[in-house]
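Accompanying notes for the structure given below.
Just so it is clear, none of the values below were taken in a lab; they were calculated from the coordinates. Note that the coordinates shown come from a computational prediction; the quantities given were computed from them, not determined experimentally. We place every Cβ from the backbone using ideal geometry, glycine too, and count neighbours over all the protein chains shown.
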Amino acid sequence: MKLQRAYYISRFENAFLRAKGNEFQTLFEALMNRAYGHDFLPCVPWGNRGDRKNDGFLQSERCLFQVYAPLEMTEYKAVKKIKEDFEGAVRHWRSHFHKWIFVHNAPGLPPGVMETFLTLKQTHPGIDIDAWGEHELRKIFEQLERDTMAEWFGPAPTEATQAKLGFDELQVVLEHIAGQPPVGSLVVDDVPMGKIEANALSESTAALLKAGYIKTPLVARFFDRWHDPLFGERIAGAFRARYAGLRGRMIPNRIFGELQAWAGGSQRGTGEHEVPVLAVLAYFFERCDIFEKPKGEDL
């Protein structure tokens with residue numbers, strides 16, 4: 001996977017994982033507007049009538065969307081929401097649609113939800129009923145033009161900026177990280193085989209790490225030549241502290257995105273700045289205890 005493509009897909013994946021409630025609906029509308037233009041009609045709640053169970057309509061496919069992205073999805077509430085939204089859509093919009101899609105932010109749907117979808121399909125054979133999650137929305141995002149991705153998420157690192165990476169660019173990133181509170185000392189290990197797979201990192205995240213690996217020897221030389229012999233230890237401690245604060249609360253792909261944003265600091269936003277961020281992330285992914293080792297490895 002090309003570096004630019006991997007970067008943008010990773011940014012979208014992280015945006016998806018972070019978004020909840022109204023923020024998720026805004027993300028969905030932003031994606032659909034960019035992908036389909038005027039063919040997609042978002043529906044704004046109006047007065048005491050609300051949106052009448054319509055969170056967006058794709059005219060060319062006569063498709064009605066309903067978005068649901070709670071902080072935490074439970075089977076009971078999800079089933080109740082699906083039934084209410086579908087019945088409301090049929091009541092208010094039936095003459096306008098023949099496809100109904102439930103858009104959600106969950107990593108998967110529980111059995112009760114699956115059973116509800118099957119029942120609705122049996123009782124309404126004239127309506128194509130489906131559910132969209134991260135996989136389906138990511139596929140739409142992947143079809144966007146590169147310029148559209150850049151307009152949304154800013155410039156991406158490229159192979160050209162990667163080739164030009166030097167000590168000056170690394171210093172900006174490393175000094176930012178060094179300012180974070182350290183937590184003890186850190187034993188540096190070689191990367192265990194299968195670490196990417198053990199953490200179930202997505203293809204785009206893996207591609208970014210592999211791109212960063214190309215410049216990890218430069219990071220190592222930077223530490224070797226730096227005037228402060230404890231500089232590398234402070235960086236490692238800051239990474240470990242940040243990772244410890246995220247572990248257990250987020251899935252690995254979101255953790256990677258959070259670490260990427262944290263390491264980039266206030267100067268994040270240019271492709272030239274993202275390249276050293278990836279190099280530093282890859283260096284500590286390979287050599288210290290951010291992310292989990294494969295099972296069976298000695299800790």
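What to note about this one:
- Subtracting the Cα-Cα distance of GLU136 and LYS99 from their residue separation scaled by 0.36 nm leaves 11.8 nm.
- Other residues within the sphere of radius under 14 Å centred on the Cβ of ASN33, judged by their own Cβ, net out at -4 (K and R +1, D and E -1).
- Length gained when the stretch HIS92-GLU203 is fully extended (0.36 nm per residue, less Cα-Cα span): 35.8 nm
- Straightening the chain between ARG247 and GLU84 buys 55.1 nm, computed as 0.36 nm per residue apart minus the Cα-Cα spacing.
- Remark: LEU71, LEU64, LEU17 ranked as LEU71, LEU17, LEU64, counting other beta-carbon atoms within 10 Å and listing the fewest first.
- Taking 7 Å steps out from each Cα toward its Cβ at MET1 and ASP128 produces label points 2.7 nm apart.
- Under 12 Å, Cβ to Cβ, from THR148 - net charge with Lys/Arg +1 and Asp/Glu -1: -2
- Taking label positions 7 Å along the Cα-Cβ direction at both THR270 and ARG62, the computed distance is 5.3 nm, reported to one decimal.
- Measuring against 26 Å, Cα to Cα, the residue pairs LYS20/LYS121; LYS20/LYS99; LYS77/LYS293; LYS2/LYS195 contain LYS20/LYS121; LYS77/LYS293 as the ones spanning a longer distance.
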